Amino acid sequence: MQLTALRGVGEATLARLHSLGLRSVSDVLLHAPLRYENRTRLSMIERLQHGEDALVEGVIQSVDKGQKNRAQQTIWRASLADDSGVLNLWFFNPPPGVLAALVPGQAVRVFGTVKGGLVGFDMAHPELIRLPSPLATALTPVYPSVAGLSQTLLRRVVSEALSLWARDAQLLAEYLPTELLAAQGLGSLREAVLRLHQPSPHETGAEVARQRLLFEELLAQQLAMRRWKSGAENHQASPLPQQAALAQRLRAGLPYALTGAQARVLHEIAADMARPRPMRRLVQGDVGAGKTVVAALAACAALEAGQQVALMAPTELLAEQHQRNLTAWFAPLGVAVVALTGSLKGVARRKALEAVAQGHAGVVTGTHALFQEGVAFHELGLIVIDEQHRFGVQQRLALSEKGRQGERHPHQLVMTATPIPRTLAMTAYADLDVSVLDELPPGRTPVQTAAVPDSRRDEVMARLGTACRAGRQAYWVCTLIEESDKLEAKAAEEAHLSLTASLPDLRIGLVHGRMKPRDKDAIMQGFKAGELDILVATTVIEVGVDVPNASLMIIENAERLGLAQLHQLRGRVGRGSVESSCVLLFSPPLSAIAKERLAVMRESNDGFLIAEKDLELRGPGEFLGTQQTGLARMRFADLARDGDIIPQVREAADVLLRDHPQAVEPLIERWVGAGIELAKV
Ligand code: ADP
Ligand code: MG
């Protein structure tokens, strides 16, 4: 059922829900909370403790409107008293609803994090409601969200969906047979979903719910994979043996010789492509291992046979870089390279589409826009997917369908820097053969990494200035935990201003996700050409960006990032032969896990080891998005963590296919269907 069936969901909210991947009522019912807050118990002010999240009721005593802070927000302070003491509340630009309650004598309930203790307690921008209002009996979920979609609104949408569902069970039907659930020791879907959104504070209901849901999710994924594999067994492809001439000319133009690992992997690829079955090969190689040139050399076999090659990257920035590199390599050899990204419009887009359709374009680079409606290839021989972990399995499967011509499917080369755990190899990548690029190009020195508290920011800036005046180039990376382009861009703009003010003699550029692609590209080019000393950037540069001369990186709020992301980011330096360094700025106090993560980053540059540590640091039941692992996103399951249950999942898939085949399609549709839709847009 459509989301507009929910009361209170208008155009703007709808768009935001869509950008969270929520398209139907059942998607909303299956939107997994990140964590929970306990708002079922009131705390007395005198018993509060520094650092805890607390719920307090009291009466507003006094209200002061204060000054503006650096970010131009007006600060309000109010004191709140209960029978045991007084608590200071701080608000920055409070919304009208909160302002209206900030009146002496008003009884309110607040929820927030407690700070201080020696001379009274503070709570900064707590959530506030006027009394009387009933106390929650269940834990309060905190959902992944996007800018403009508050937790309050999201909670209301979920509870609307729950009440619709209570009236119409078909909105999210039970597909798993009772005996299968019993055999696995799992409860019903209804129970799990209710517990997911409204867990009782007295039991571990949320964890039980998650187990039930991730089991179903993995089962659906397994079924989709099997269905696709059984179809794929009969797929055909054009055999594309290496002719060597084109590849040799390309190699002759390179300023370096291939590493042993690159040569070996190319050999494996050539053997696959020479067969009349579609290649499905995953190349795993740590950041900086030199995957791009491997893809280009693999492309030669298809090009020589008169077929096309599509190279898909997860970000526009990376797609543009590929476009530039491949043009430099192939244009001199007489092969046209054409870009197709989402922002290409009008005549330019029409021309590009024509070149692709008529086969004038030998190589086509782009983002997932490559596979949009309206894109038709003349004869697609090879698909290369770069940084596969950013795409879901579903997208990969859908792409193969899109490139197919009659009975023939294109060969597929998939590249990733993320090591693949064994459990993953058995599921999400079950249909892929794996090659490992286990050798970095010669002359690289490991990146020296230091963790430095925010309080020493000025010192870091001063040192950065000295290094850049000595001819080095640096990235200054702004990160935010909220997945909001807009906020991230704002943080980067602020950092750019403050760096420009502190280091007026240096050339400092800025690049973020909300800039026009052409502007982004111009800045990146300028940085690459050495016309900029410092590039202030958001995490748009996280994957794939290659500027070998940049040898310094400063990452703000490093404590908030997962290990996989930190490793990817840091991989942007240490690509040339100069010794590189990376400074991880953090704001204390650090949680135990954050401390451990920063220590791992200081001690190691090895992607495999870092991935292992990443797993170790995340205990079961920790509500971290799967994004943290750098692997394609699932709603509940994290293959790295939940891999143990794969054998049961496979068994359940056998049972379902044998005894309940009618449940297979709806399950795939519920959990995997959306991904396939995504791959089409
Ligand atoms: P990856 O995509 O694996 O992270 P890239 O393909 O971006 O890595 O390559 C990283 C850098 O290494 C590039 O600057 C590239 O020119 C360089 N490079 C690739 N192969 C070699 C090689 N065999 N010898 C020296 N440098 C290489
Ligand atoms: Mg790359």
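The values are calculated or read from the model by the stated rules, or taken from the named source; none is laboratory data. Only a predicted model underlies this, so the values are computations on that prediction, with no experimental measurement involved. Reconstructed Cβ throughout: ideal geometry from the backbone, glycine too, with neighbour counts over all protein chains shown. When the accessible area is computed, the model is the full protein with side chains, heavy atoms only, and any ligands, DNA or RNA have been set aside. Shrake-Rupley method; radii C 1.70, N 1.55, O 1.52, S 1.80 Å.
Some observations on this one:
- Looking across the stretch 287-330, just one residue is near ligand 2 (Cβ under 10 Å from one of its atoms), out of contact with any Leu (no Cβ under 8 Å at 6 or more places or on another chain) and of a type in the set (Gly, Ala, Ser), and that is Ala313.
- Taken over the stretch 533-548, the criterion of being within 15 Å of ligand 1 (Cβ to nearest atom), in contact with a strand residue (DSSP E or B) (Cβ under 9 Å, 6 or more places away or on another chain) and within 23 Å of Leu480 (Cα to Cα) is satisfied by Ile541, Glu542, Val545.
- In the stretch 521-532, the count of residues that are at pLDDT below 95, within 20 Å of the chain's Cα centre (by Cα) and either away from ligand 1 (no atom under 15 Å from the Cβ) or buried (at least 16 other Cβ atoms within 10 Å of the Cβ) (or both) is zero.
- For the stretch 223-255, a tally of residues being in a loop (DSSP other than H, G, I, E, B), surrounded by fewer than 12 Cβ atoms within 10 Å (Cβ to Cβ) and more than 33 Å from the chain's Cα centre (by Cα) returns 2.
- Close pairs from the stretch 327-344: first over 15 Å from Lys516 (Cα atoms), partner in a strand (DSSP E or B) and open to solvent by 40 Å² or more (accessible area, probe 1.4 Å), Cβ under 8 Å, at least 6 apart: Phe330/Ala336
Condition check ((1) open to solvent by 20 Å² or more (accessible area, probe 1.4 Å); (2) modelled with pLDDT of 80 or more) across all residues:
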| site | (1), (2) |
| --- | --- |
| Arg350 | yes, yes |
| Gln358 | yes, yes |
| Gly366 | no, yes |
| Val384 | no, yes |
| Gln388 | no, no |
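- Scanning the stretch 139-175 for residues that are touching a strand residue (DSSP E or B) at 6+ places or on another chain (Cβ under 7 Å) and surrounded by 18 or more Cβ atoms within 10 Å (Cβ to Cβ) yields Leu139, Thr140, Pro141.
- Of residues in the stretch 164-182 being part of a helix (DSSP H, G or I) and touching a residue at least 60 places away in the same chain (Cβ under 8 Å), the one farthest from the chain's Cα centre (by Cα): Leu180
- Any hit, the stretch 262-269, residues being farther than 30 Å from Glu233 by Cβ and free of Cβ contacts under 8 Å to residues at least 40 places away in the same chain: yes
- Checked against the criterion of being closer than 30 Å to Ser24 by Cα and at pLDDT 95 or above, the candidates Leu139, Leu162 yield just one match: Leu162.
- Of residues in the stretch 539-559 being more than 21 Å from the chain's Cα centre (by Cα) and outside any strand (DSSP E or B), the one farthest from ligand 2 (Cβ to nearest atom): Asn549
- Applying a threshold of 8 Å to beta carbon distances and a minimum spacing of six or more residues, or different chains, the list of pairs starting in the stretch 134-158 at a residue that is part of a loop (DSSP other than H, G, I, E, B) and ending at one that is open to solvent by 50 Å² or more (accessible area, probe 1.4 Å) and of a type in the set (Ser, Thr, Tyr) reads Val146/Ser19.
- None of Arg39, Arg109 is crowded, with 18+ Cβ neighbours inside 10 Å, of a type outside the set (Val, Ile, Thr), out of contact with any Lys or Arg (no Cβ under 7 Å at 6 or more places or on another chain) and not in a loop (DSSP other than H, G, I, E, B) except Arg109.
- Test: Ala376 is out of contact with any Phe, Trp or Tyr (no Cβ under 9 Å at 6 or more places or on another chain) and buried (at least 24 other Cβ atoms within 10 Å of the Cβ): no
- Residue within the stretch 576-584 that is within 23 Å of Val452 (Cβ to Cβ), open to solvent by 40 Å² or more (accessible area, probe 1.4 Å) and among the hydroxyl-bearing types (Ser, Thr, Tyr) present: no
- Taking the stretch 598-681 and the helices (runs of 4 or more DSSP H) fully enclosed by it, the elements with 3 or more residues that are at pLDDT 75 or above and open to solvent by 60 Å² or more (accessible area, probe 1.4 Å) are at 607-617, 646-659.
- The set of residues in the stretch 457-468 that are touching a residue at least 60 places away in the same chain (Cβ under 8 Å) and open to solvent by 50 Å² or more (accessible area, probe 1.4 Å) contains only Arg457.
- The residue list Leu55, Leu20, Leu14 contains one member that is closer than 30 Å to Ala206 by Cβ and surrounded by 19 or more Cβ atoms within 10 Å (Cβ to Cβ), which is Leu55.
- Long-range neighbours under 7 Å by Cβ, at least six apart or interchain, first residue more than 22 Å from Arg249 (Cβ to Cβ) within the stretch 300-321, second open to solvent by 30 Å² or more (accessible area, probe 1.4 Å) and of a type in the set (Lys, Arg): Pro314/Arg390
- Residues considered: Leu424, Leu413, Leu432. Of these, the only one that is under 30 Å from Leu218 (Cβ atoms) and at pLDDT 90 or above is Leu413.
- Looking across the stretch 560-579 at every residue that is among the small types (Gly, Ala, Ser) and away from ligand 2 (no atom under 16 Å from the Cβ), the one that is nearest to the chain's Cα centre (by Cα) is identified as Gly562.
- Screening Ala270, Ala220 for residues that are farther than 30 Å from Ala182 by Cβ, outside any loop (DSSP other than H, G, I, E, B), more than 16 Å from ligand 1 (Cβ to nearest atom) and small (Gly, Ala, Ser) leaves exactly one candidate, Ala270.
- Test: residue in the stretch 487-506 that is in contact (Cβ under 8 Å) with a residue 60 or more places away in the chain and within 16 Å of ligand 2 (Cβ to nearest atom): no
- Residue match in the stretch 329-350 (condition: under 28 Å from Gln242 (Cα atoms), within 16 Å of ligand 1 (Cβ to nearest atom) and out of contact with any strand residue (DSSP E or B) (no Cβ under 7 Å at 6 or more places or on another chain)): yes
- The condition of being at pLDDT 90 or above, more than 16 Å from ligand 1 (Cβ to nearest atom) and more than 26 Å from the chain's Cα centre (by Cα) holds for only one of Glu354, Glu439, that being Glu354.
- Looking across the stretch 285-294, just one residue is open to solvent by 10 Å² or more (accessible area, probe 1.4 Å) and more than 6 Å from ligand 1 (Cβ to nearest atom), and that is Asp286.
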